[in-house]
Amino acid sequence: MSTRSLDALTIDKTGQMAPRRNSMSRTRLAVILVVVLAVGAAAVTLFRNRSVTIETATVSLYFPTQSFTLLNSSGYIVAQRKAAVASKITGRMEWIGVEEGSKVSSGQVIARLENKDLEASVHQAEAALQNSKATREQSRAELADAEKSFQRQKELLALGIVSQSDYDSADARFKRASASMASAEAGIATAVAALQGANVNRGYSFIQAPFDAVVLTKNADVGDIITPFGAAANSKAAVVTIADLASLQVEADVSESNLAQIRQGQPCEITLDALPGSRFRGVVHTIVPTADRSKASVMVKIRFLERDQRIFPEMSAKVAFLQREAVAADNKARIVLNPAAMVTRNGQSGVYLVVGETVRFTAVTAGARLGDLLEVAGVKSGDKVALKPLEKLKDGDKISFPEKK
């Protein structure tokens with residue numbers, strides 16, 4: 001075989017290697033592209049899920065009276081006129097006409113005990129009085145007749161017509177009739193006193209309010225045995241407890257070291273835990289002239305200047321003793337926050353308001369500086385705002401809070 005023939009039988013691999021090499025390049029590029037996309041997606045996801053740990057401040061209400069408050073104290077509201085209304089006699093409750101919250105007036109009957117025996121005593125005393133009055137009328141008639149007979153015998157004795165013994169008998173009869181008349185008058189007085197006593201005893205079965213007040217507690221009900229001191233088993237003493245709500249005052253403890261800042265008639269501002277949005281004007285009514293050695297404090301009583309139907313005894317209260325009396329403008333609440341929470345974005349002042357697990361840029365209008373705080377408009381009391389790090393925040397960022405130690 002010739003050399004040319006052998007060359008013709010050789011396989012030419014040049015044309016087959018090029019396509020294979022191109023295929024491998026495309027596969028490598030595809031893999032690299034997928035990896036790049038995956039890394040980019042992971043980076044975007046990581047960026048989106050990142051959270052910034054922040055410190056927050058709370059938007060609060062500020063009253064100008066805080067700037068001239070000398071001293072703060074706490075205490076409780078106490079009614080200065082309060083009574084546990086009970087009965088003076090023992091009996092079974094037959095009727096009660098009040099409940100907790102009922103308003104009663106002085107002398108009003110609020111409950112009644114069984115009193116049929118006392119009613120009978122009153123009727124008996126009335127009958128005895130009528131009998132005494134009839135006896136007096138009888139004695140009056142007897143006295144009139146005896147007086148006429150005595151005068152007649154006296155005239156006849158002077159003329160010598162009757163004997164001395166007849167005159168003496170007429171005189172004795174007249175004296176007996178006079179004594180009987182005096183006895184009848186005394187009997188009437190006795191009967192009147194007995195009737196008054198029976199009425200008083202019957203009155204004890206009617207339990208009355210001693211002054212205008214509101215019922216705080218009802219301690220007994222129909223069928224209960226009521227005794228003056230509740231000494232018997234299963235008996236009740238106080239039927240109701242009442243208080244004059246017009247006499248409510250705050251009793252606050254003031255440290256002995258701060259007592260020099262308190263004076264009688266000093267203006268005060270009272271706040272109640274039950275009514276956090278309200279403030280009430282008060283004045284120091286009295287400084288109790290004794291100290292509590294266990295607490296090294298003195299009790300001060302503060303009187304309300306205005307009556308409010310929402311104020312009840314035993315509520316907790318806080319008292320601010322003021323340097324001067326507050327005017328109308330001092331009672332207007334203002335919205336304030338820590339000025340360090342303010343930021344400027346795109347030429348606009350605002351704060352990063354905490355909404356759930358994110359922050360939202362909220363535009364606010366800054367006002368006057370009030371001490372260490374800044375008056376603002378655009379947020380409300382109780383809102384949480386980011387305090388730092390503000391430079392790492394932007395609108396919509398997810399946030400987290402420092403772990404409590």
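The values are calculated or read from the model by the stated rules, or taken from the named source; none is laboratory data. Please read these numbers as outputs of a predicted model, since none were measured by experiment. Using ideal geometry, Cβ is built from the backbone for each residue, glycine included, and neighbour counts are taken over all protein chains shown.
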Looking only at the stretch 249-261, decide whether some residue is outside any loop (DSSP other than H, G, I, E, B), over 19 Å from the mean Cα position of the chain (by Cα) and buried (at least 17 other Cβ atoms within 10 Å of the Cβ). yes
Return only the number of the condition from (1) without any contact (Cβ under 8 Å) to a residue 60 or more places away in the chain; (2) more than 30 Å from GLU126 (Cβ to Cβ); (3) among the small types (Gly, Ala, Ser) that GLY223 does not satisfy. (1)
Given (1) modelled with pLDDT under 85; (2) part of a strand (DSSP E or B); (3) over 30 Å from ARG279 (Cα atoms); (4) not small (Gly, Ala, Ser), identify the lone condition not met by LYS404. (2)
Can you tell me how many residues in the stretch 374-394 are in contact (Cβ under 8 Å) with a residue 60 or more places away in the chain and under 14 Å from ALA341 (Cα atoms)? 12
Report, ordered by the first and then the second residue, all pairs with beta carbons closer than 8 Å, sequence separation of six or more or different chains, a first member in the stretch 245-271 that is under 25 Å from LEU216 (Cβ atoms), and a second member that is of a type in the set (Asp, Glu). ALA246/ASP212; ASP253/ASP292
Let me confirm something: among GLN153, GLN130, GLN164, which residue is at pLDDT 95 or above and out of contact with any strand residue (DSSP E or B) (no Cβ under 9 Å at 6 or more places or on another chain)? GLN130
Go through the stretch 79-118 and report how many residues are outside any loop (DSSP other than H, G, I, E, B), over 33 Å from the mean Cα position of the chain (by Cα) and either modelled with pLDDT of 95 or more or surrounded by 17 or more Cβ atoms within 10 Å (Cβ to Cβ) (or both). 2
Restricting attention to the stretch 145-161, and to residues there that are without any contact (Cβ under 8 Å) to a residue 12 or more places away in the chain and either in contact with a helix residue (DSSP H, G or I) (Cβ under 7 Å, 6 or more places away or on another chain) or part of a helix (DSSP H, G or I) (or both), which single residue is farthest from GLN208 (Cα to Cα)? LEU159
Going through the stretch 269-323 one residue at a time, which ones are in contact with a helix residue (DSSP H, G or I) (Cβ under 8 Å, 6 or more places away or on another chain) and among the basic types (Lys, Arg)? ARG279, ARG307
